[in-house]
1. Out of curiosity, is L106 buried (at least 19 other Cβ atoms within 10 Å of the Cβ), assigned to a helix (DSSP H, G or I) and not charged (D, E, K, R)?
2. Take the range 93-103 and flag every residue that is under 20 Å from L83 (Cβ atoms) and either in contact (Cβ under 8 Å) with a residue 40 or more places away in the chain or crowded, with 20+ Cβ neighbours inside 10 Å (or both).
3. For the subset of the range 119-173 comprising residues that are under 21 Å from D69 (Cα atoms), open to solvent by 80 Å² or more (accessible area, probe 1.4 Å) and without any contact (Cβ under 8 Å) to a residue 40 or more places away in the chain, which member is farthest from the chain's Cα centre (by Cα)?
4. Can you tell me which residue in the range 192-222 is nearest to G100 (Cα to Cα), limited to those that are touching a helix residue (DSSP H, G or I) at 6+ places or on another chain (Cβ under 9 Å) and surrounded by fewer than 16 Cβ atoms within 10 Å (Cβ to Cβ)?
5. Kindly provide the set of residues from the range 109-118 that are of a type outside the set (A, V, I, L, M) and either open to solvent by 40 Å² or more (accessible area, probe 1.4 Å) or assigned to a loop (DSSP other than H, G, I, E, B) (or both), ordered by number.
6. Wholly within the range 52-102, which helices (runs of 4 or more DSSP H) include no fewer than the required count, namely at least 3 residues that are within 17 Å of the chain's Cα centre (by Cα)?
7. Six or more apart or on different chains, Cβ under 8 Å: which pairs go from a residue in the range 50-72 that's closer than 19 Å to N172 by Cβ and in contact (Cβ under 8 Å) with a residue 60 or more places away in the chain to one that's open to solvent by 80 Å² or more (accessible area, probe 1.4 Å) and part of a helix (DSSP H, G or I)? Could you list them?
8. Is it the case, given these coordinates, that G100 is small (G, A, S) and out of contact with any Phe, Trp or Tyr (no Cβ under 9 Å at 6 or more places or on another chain)?
Amino acid sequence: MFPDWTVEQLFAPCPPDVLNQRSQPPAIERTDLEGHADRISAEGYADVTAIFPTRAEFTFARPTHTLFDGAKSIRAAGLSLNLLCQQYPDQRLYQLIEGGTTLQCLFLDPDGQAIQAREQEEGYTDHHLVTLTRLNIEVLTRLRKRLPPEAAERLEIAVYDETVRFNITLINDQTCIMQPYLPQARGVDSPTFIIERRPSGNGLYAAFEQIFTSLWERSTPL
């Protein structure tokens with residue numbers, strides 16, 4: 001079976017040079033990894049740059065002023081848009097729009113059927129979502145009335161009456177903050193994704209921008 005080995009060699013201790021070779025894992029050529037790491041990262045995560053388990057953890061890590069201060073355009077669609085209407089000061093929003101920022105806000109219609117279905121799903125019996133959405137719409141309509149006429153045109157408010165699936169905020173045509181609406185869970189408890197548009201245009205940003213655009217085209221202006 002071992003024609004090149006003597007009996008003494010077969011029963012002798014393993015030579016140190018052979019032992020050292022056996023104790024080392026097989027080497028991986030750099031060429032096996034080079035050129036693949038970027039592709040794996042890009043294809044595995046698209047243009048998602050961060051994921052948070054809940055909106056609360058997201059807003060702790062990324063306070064609203066870091067998102068909106070200095071923004072030139074903001075487009076938001078969802079249910080009540082609390083991130084913009086409740087967690088960002090009215091005065092800062094006023095200054096943004098007066099300074100040239102365009103703002104499009106798309107709310108789930110508080111008088112529609114879809115918001116009633118969502119209230120049932122979340123277990124509300126006191127019209128909580130309807131009341132909150134109306135309040136947030138009123139926050140923006142009051143702000144619009146205070147703006148100079150040319151600035152007021154840069155604040156657009158609309159409603160839609162369709163099954164709510166995502167909360168989408170698009171900032172400067174570059175950053176997308178996206179949350180899915182989970183069954184029987186409040187929006188604040190939903191995971192939050194940060195998506196950054198790639199120069200190539202490939203990735204998830206374009207998909208969620210299209211969702212916003214499609215909803216906006218079917219919406220009713222206020």
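The values are calculated or read from the model by the stated rules, or taken from the named source; none is laboratory data. Quick caveat, the model's predicted, so the values are computed rather than measured. As a convention, Cβ positions derive from the backbone with ideal geometry for all residues, glycine included, and neighbour counts pool all protein chains shown. All accessible areas refer to the heavy atoms of the entire protein, side chains included, with ligands and DNA or RNA removed. Shrake-Rupley method; radii C 1.70, N 1.55, O 1.52, S 1.80 Å.
1. Numbers: buried (at least 19 other Cβ atoms within 10 Å of the Cβ): yes; assigned to a helix (DSSP H, G or I): no; not charged (D, E, K, R): yes.
Criteria not met by L106.
2. Listed by number, the residues that qualify are L93, Y94, L96, I97, T101, T102, L103.
3. Across the range 119-173, the extreme among qualifying residues is E150.
4. Of everything passing the filter in the range 192-222, L222 is nearest to G100 (Cα to Cα).
5. D109, P110, D111, G112, Q113, Q116
6. By residue number, 55-61, 64-68, 82-85.
7. Once the first residue is closer than 19 Å to N172 by Cβ and in contact (Cβ under 8 Å) with a residue 60 or more places away in the chain and sits in the range 50-72, its partners that are open to solvent by 80 Å² or more (accessible area, probe 1.4 Å) and part of a helix (DSSP H, G or I) give F68/R92.
8. Judged against the criteria, G100 is a match.
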